[in-house]
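Q: Pasting a structure here, questions to come.
The values are calculated or read from the model by the stated rules, or taken from the named source; none is laboratory data. Just so we're clear, the structure is a prediction, and the values are computed from it rather than from any experiment. Cβ: placed from backbone, ideal geometry, glycine included. Neighbour counts: every protein chain shown. Please note that ligands, DNA and RNA were not included when accessible areas were found on the heavy atoms of the full protein model with its side chains. Shrake-Rupley method; radii C 1.70, N 1.55, O 1.52, S 1.80 Å.
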Amino acid sequence: MAEMMYRDAVRETIREEMARDESVVVLGEDVVGGMGTAGGPEAIGGIWSTSTGLFEQFGASRVIDTPISESAIVGTAGGLALSGKRPVAELMFADFIGVSLDQLWNQIGKFRYMFGGKTRCPAVIRMAYGGGYNAAAQHSQCVHQILTGMPGLKVVMPSTPEDVRGLLRTAIRGDDPVMFLEHKALYGVSGEVPEGDYTIPFGHARQVTAGEDVTVVATGMMVGVAEAAAERMAEDGIGVDLLDLRTTSPMDEEAILDSVEVTGRLVIVDEAPPRCNLATDIAALVARKAFSSLRAPVEMVTAPHSPVPFALELEQAYLPSDDQVEAAVRKTLDYR
Amino acid sequence: MQLSREQLLQAYRRMATIRAFEERLHDVIATGEVAGFTHLYCGQEAVAVGVCEHLDTEDKIVSTHRGHGHCLAKGCDVQGMMKEIWGSTEGLCKGKGGSMHIADVDKGMLGANGIVGAGAPIAVGAALSNKLDGEGRVAIAFSGDGACNQGTTFEAMNMAVVTNAPCIFVFENNHYSEHTGDDYAVGTANDIASRAEAFGMRVWRADGCDFFAVYETMRELLEYVRAGNGPAAVEFDTERFYGHFEGDPQNYRGDGELDRIRKERDCLQIFRQRVSEAGLLETDALDELDKAAHADVEAAVEAARAAPRPTAEDVLTDVYVTY
Ligand SMILES: Cc1ncc(C[n+]2csc(CCOP(=O)(O)OP(=O)(O)O)c2C)c(N)n1
Ligand SMILES: [Mg+2]
């Protein structure tokens, strides 16, 4: 095991995959950084440091710095993928899927189906998502609630450096288009990372804490928030079965249903606003398939139905907190 | 056309206010007192002011992530802006938007914008609205050398041409989009105006660091657009004095580049030089304006520090007009 930062896990995994397979190509805005300047290529190396050094190692034909043109970035990734390459494209902020939505939704997500299963589109679109930086309504959003509903796209939300490595390998080596969502507040987080060329299959949740009282489901940044609450409640003898979904499409329904069968209580934590999000999706799943196991109404801890606000106090109130998770867990336990 | 003494004083005062506002923010942000992403407009003041001095409230502008200069030039309240940047409920956007989303629609300022390239289509709509009203009013989209590569900008230019919209595309070429040079990212040999021309518009080019060049160019251009000749575009060659965002290490700059542009391309210094050479304004009068601008900004910072803060209840207000 070695200690590694989340952002380094992203970059080093891409580097290894590029070395392993020459069809892997990187593209995005400032992924080289410094193109066309006095400082020259890699003068800066990408605002998230998730691509530093790749240009030097693999050259301009495999590390493509793009103009500010998100539609063309995603579409280019689609064309590369249809032509046998394995593009790893970066959208600097997940919010910018808005600019590129047609290429994501109507193009790369649907090629295989529309073409009668005769093609593959192994494009990985990485993007930094989520709140916590007072970056306001157009630079702080979650997008999994939108992307998960799009048939044809796989959606990955790693919460640890270890999972970044295993899931990104699976994403790059797989043959379907993958939306790889990296929470910007996690980039600086370090964690133990196993040695070796391991992969983590999609659709397999990770049990973060074990417990038999309440099931809590979370993804990405919300895993840490829920874990803080779970650890606190463990001191009071409350056992939380905390599941990190890792991927929202495909989703590990079995892990959720198995857990709810034991606990009879479910809290879903979602950084997205409450309508048509992951929490409503899972609540519906459990209502349909584990109704008789439920001993309390399902609780959802989500952002409110508003754009992400700017001011410190507003964003703090907006983002789901560990206190809210704890209150929701206790509410399900207090039921009747 | 000669500017009157009052016009000259007002133009300098506005440029000085933008400069003071941004330099103050530069210092404050370094202390961590202000949150969020802030992009400073220093170096480009002559563009915003040289454009907006020709406009009245009914003329609309649409701005960018680097929007403070456009806001101030269009008459947004200094204190209201500062309070917004501080996230107060008394800010122009009640603390909901912050630096990247300052707007004052009543002043014809349809918003800074966090999405690069989002502004140009909005300006076309505002221009068509003005065309419907038939008063010869215009709408202006400010865009950078980065934004000119966005499909939305291309679509907007073509749409403006085919609808004969009184829309003006002002391209501020400060030679960088984040950390990438226009030499690399703008395919038309860093000539943005030629793209607009190819869409069928009349275009102008001028030195964006010379207020008088901007002002005269805009006078001619606006006469053309207000007369109903359809859209037009202009590319201003300008400089950004600070990093892309506050905290940018700027390793992409050349040796001595910042010193050089601050020495040779400072639009406030160039203005001073021009008016004193022509004997139009005395140094004392300009110094007074600098002082007044600093005092205004300082008062705004004090007001922003003391201004009321939002609470959790405010999160869900103003999502809709009716619920
Ligand atoms: C759609 C979109 N893509 C990327 C970004 C990230 N970004 C913010 S500003 C910027 C550079 C913009 O360059 P330019 O248009 O020249 O404006 P300048 O910063 O020079 O004022 C980039 C890439 C964004 N905010 N929106
Ligand atoms: Mg620029």
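Q: Explain nothing, just the number: relative contact order of segment A:206-333, from Cα pairs under 8 Å at least 6 residues apart, as a whole percent. Spell out each step's value before the answer.
A: Numbers: 237 pairs, mean separation 36.8, N = 128.
Dividing the mean separation by the residue count of segment A:206-333 yields 29 percent.
Q: Let me ask another. Could you tell me how many cubic angstrom of Cα convex hull volume chain B has per residue?
A: Values: hull volume 44.0 nm³, N = 323.
Given the Cα convex hull of chain B, per-residue volume reads 136 Å³.
Q: Enumerate the calculated ³J(HN,Hα) couplings along segment A:173-189 in order (Karplus 6.51 cos²θ - 1.76 cosθ + 1.60, θ = phi - 60°), each rounded to whole Hz, writing x wherever the residue is Gly or Pro.
A: 7, x, 10, 10, x, 10, 8, 9, 9, 10, 6, 5, 6, 8, 3, x, 8
Q: While we're here: Using a 1.4 angstrom probe, figure out how much accessible area segment B:5-316 has per residue, in square angstrom, rounded to the nearest whole.
A: Working: 11330 Å² over 312 residues.
That works out to 36 Å² per residue.
Q: Here is a further query. Could you pull the Cα extents of segment A:31-100 along its three principal axes, largest to smallest, in whole Å?
A: That gives 33, 28, 19 Å along the principal axes, largest extent first.
Q: In whole angstrom, note down how far apart the Cα centers of segment B:17-90 and segment A:39-57 are.
A: Using only Cα atoms, the two centres lie 31 Å from each other.
Q: Also, quick follow-up: In the protein assembly as shown, carbon and sulfur make up what percent of the accessible area (probe 1.4 Å)? Show your work: numbers first, answer last.
A: Working: 12500 of 24790 Å².
It is 50 percent, rounded to a whole number.
Q: At a threshold of 8 angstrom on Cα-Cα distance, excluding pairs fewer than six apart, so keeping six or more, what relative contact order does chain B reach in percent? All intermediate terms of the calculation are to be shown ahead of the outcome.
A: Working: 630 pairs, mean separation 72.3, N = 323.
RCO, chain B: 22 percent.
Q: Rule-of-thumb check for the protein assembly as shown: C-alpha Rg over 2.2 N^0.38 Å? Mind showing how you got there, number by number?
A: Details: Rg = 26.4 Å, N = 659, 2.2 N^0.38 = 25.9 Å.
The value comes to 1.02.
Q: Antiparallel DSSP bridges in chain A: what percent, to the nearest 5?
A: Details: 9 of 43 bridges.
Within chain A, antiparallel bridges account for around 20 percent of the total.
Q: Quick check: net charge around A:Ile256, other residues with Cβ under 13 Å of its Cβ, Lys/Arg +1 and Asp/Glu -1?
A: Values: positive: A:Arg206, A:Arg246, A:Arg265, A:Arg288, A:Lys289; negative: A:Asp241, A:Asp244, A:Asp252, A:Glu253, A:Glu254, A:Asp258, A:Glu261, A:Asp281.
Taking every Cβ under 13 Å from that of A:Ile256, the sum is -3.
Q: Among DSSP beta bridges lying fully in chain B, give the percent that are antiparallel, nearest 5.
A: Numbers: 3 of 25 bridges.
Close to 10 percent.
Q: Here's another thing I want to ask about it. I'd like the per residue volume of the convex hull spanned by the Cα atoms of segment A:117-225, given in cubic angstrom.
A: In segment A:117-225, the Cα hull volume divided by residue count equals 135 Å³.
Q: Let me ask something else about it. Take the Cα pairs of segment B:109-159, get the Kirkwood Rh, then feed it into Stokes-Einstein at 25 °C and 0.890 mPa s and tell me D in µm²/s.
A: Numbers: Rh = 11.3 Å.
Rounded, D is 218 µm²/s.
Q: Also, I was wondering about something else. Please name the residues of segment B:132-153 whose accessible area, counted over protein heavy atoms with a 1.4 angstrom probe, falls by no less than 20 Å² between the chain alone and the full protein assembly.
A: Those are B:Asn149, B:Gln150, which lose 20 Å² or more relative to the chain on its own.
Q: log10 I(q)/I(0), Debye, Cα-only segment A:2-193, no solvent, q = 0.10, 0.12, 0.16 Å⁻¹?
A: -0.36, -0.53, -0.97
Q: Name the residues of segment A:300-316, by number, that are at least 10 Å² less accessible with every protein chain in place than in the isolated chain; the surface is that of heavy atoms, probe 1.4 Å, without ligands or nucleic acids.
A: Checking the loss per residue gives A:Pro304, A:His305, A:Ser306, A:Pro307, A:Pro309, A:Phe310, A:Ala311, A:Leu312, A:Glu313, A:Leu314.
Q: While we're here: Explain nothing, just compute: Karplus ³J(HN,Hα) = 6.51 cos²θ - 1.76 cosθ + 1.60, θ = phi - 60°, for every residue of segment A:322-330 in order, whole Hz, x for Gly and Pro.
A: 5, 4, 5, 5, 4, 4, 5, 4, 5
Q: Can you list residues whose amide H is under 5 Å from A:Tyr129's amide H, if they're 5+ apart or on another chain and H is modeled 1.01 Å from N?
A: A:Ala94, A:Glu182, A:His183, A:Lys184
Q: Quick query: amide H of B:Gly144 versus all other amide H atoms, modeled in the peptide plane; which residues come in under 5 Å with a sequence gap of 5 or more or a different chain?
A: B:Glu172
Q: If amide hydrogens are placed 1.01 Å from N in the peptide plane, which non-local residues have theirs closer than 5 Å to the one on A:Leu27?
A: Answer set, sorted by chain and number: A:Ile64, A:Val88, A:Ala89, A:Glu90.
Q: Ok, one more. From the backbone phi of segment B:127-142, what are the Karplus-calculated ³J(HN,Hα) couplings (6.51 cos²θ - 1.76 cosθ + 1.60, θ = phi - 60°) in whole Hz, Gly and Pro given as x?
A: Once θ is set to phi - 60°, the couplings for segment B:127-142 become 5, 5, 4, 5, 5, 4, 6, x, 9, x, 7, 10, 10, 10, 9, 8 Hz.
Q: Where does the Debye-calculated log10 I(q)/I(0) of chain A sit at q = 0.07, 0.14 Å⁻¹, using only Cα point scatterers of equal weight, no solvent?
A: -0.28, -1.10
Q: Run the numbers on chain A and let me know its relative contact order in percent, using alpha-carbon pairs under 8 Å that are six or more apart. Provide the component values of the computation, followed by the final result.
A: On the way: 759 pairs, mean separation 52.6, N = 336.
In percent, rounded to a whole number, it is 16.
Q: Can I ask one more? Accessible area drop of at least 10 Å² (1.4 Å probe, protein heavy atoms): which residues of segment A:98-113 qualify, relative to the chain alone?
A: Buried on complex formation: A:Val99.
Q: Compare B:Gly247, B:Gly98, B:Gly146 in a GNM of chain B, Cα atoms joined below 10 Å, and give the one with the largest fluctuation.
A: Comparing B:Gly247, B:Gly98, B:Gly146 in the GNM, the peak value goes to B:Gly247.
Q: Further question on the same structure: Just add up the charged neighbours of B:Leu222: K/R +1, D/E -1, any other residue whose Cβ is under 14 Å from the Cβ of B:Leu222.
A: Numbers: positive: B:Lys60, B:Arg137, B:Arg202, B:Arg219, B:Arg226; negative: B:Glu53, B:Asp56, B:Glu58, B:Asp59, B:Glu135, B:Glu216, B:Glu220, B:Glu223.
Value of the local net charge: -3.
Q: Hey, another quick one. Taking every eigenvalue of the Cα gyration tensor of segment A:206-333, multiplying by 5 and rooting it, what semi-axes result, largest first, whole Å?
A: Working through the eigenvalues yields semi-axes of 22, 17, 13 Å.
Q: Mind ranking A:327-333, B:34-40 by how tightly packed they are, going by the mean number of other C-beta atoms within 10 angstrom, highest first?
A: Numbers: A:327-333: 19.1, B:34-40: 22.0.
Per-residue Cβ counts within 10 Å, averaged per peptide and sorted highest first, yield B:34-40, A:327-333.
Q: Keeping all protein chains in place, calculate the accessible area per residue for segment A:161-235 (probe 1.4 angstrom), answer in Å². Mind dumping the intermediate values first?
A: Numbers: 2510 Å² over 75 residues.
Dividing the accessible area of segment A:161-235 by its residue count gives 33 Å².
Q: What's the longest bit of chain B with no exposed GluC sites (Glu not before Pro), using DSSP loop states and at most 15 other Cβ atoms within 10 Å as the test? Working shown, then result.
A: Values: sites that count: B:Glu33, B:Glu58, B:Glu135, B:Glu282.
The longest uninterrupted stretch comes out as B:136-281.
Q: Based on C-alpha coordinates, I'd like the Rg and Dmax of segment A:260-327, in Å.
A: 13.6, 44
Q: Let me ask something else. What does the helix-only formula give at 222 nm for the protein assembly as shown: each DSSP H stretch with n ≥ 4 adding -39500 (n - 2.57), the total divided by the residues, and the result rounded to the nearest 500 deg cm²/dmol?
A: Values: 24 runs with 259 residues, N = 659.
Calculated from helices alone, the mean residue ellipticity at 222 nm is -12000 deg cm²/dmol.
Q: Okay, next question. Under a Cβ-Cβ cut-off of 12 Å, what is the net charge of the residues other than A:Arg288 that fall near it, where Lys and Arg count +1 and Asp and Glu count -1? Walk me through the numbers on the way to the answer.
A: Numbers: positive: A:Lys289; negative: A:Glu253, A:Asp281.
Neighbourhood net charge equals -1.
Q: Now for a separate question. Rounded to the nearest 100 Å², what is the sum over both chains of accessible area buried where B meets A, with a probe of 1.4 Å? Walk me through the numbers on the way to the answer.
A: Working: alone 14000 and 14050 Å², together 24790 Å².
When B and A are taken together, about 3300 Å² of accessible area is lost.
Q: Something else now. Give me the one-decimal Kirkwood hydrodynamic radius in Å for segment A:93-158, with the sum taken over alpha-carbon pairs.
A: Working: mean 1/r = 0.0774 Å⁻¹.
In segment A:93-158 this quantity evaluates to 12.9 Å.
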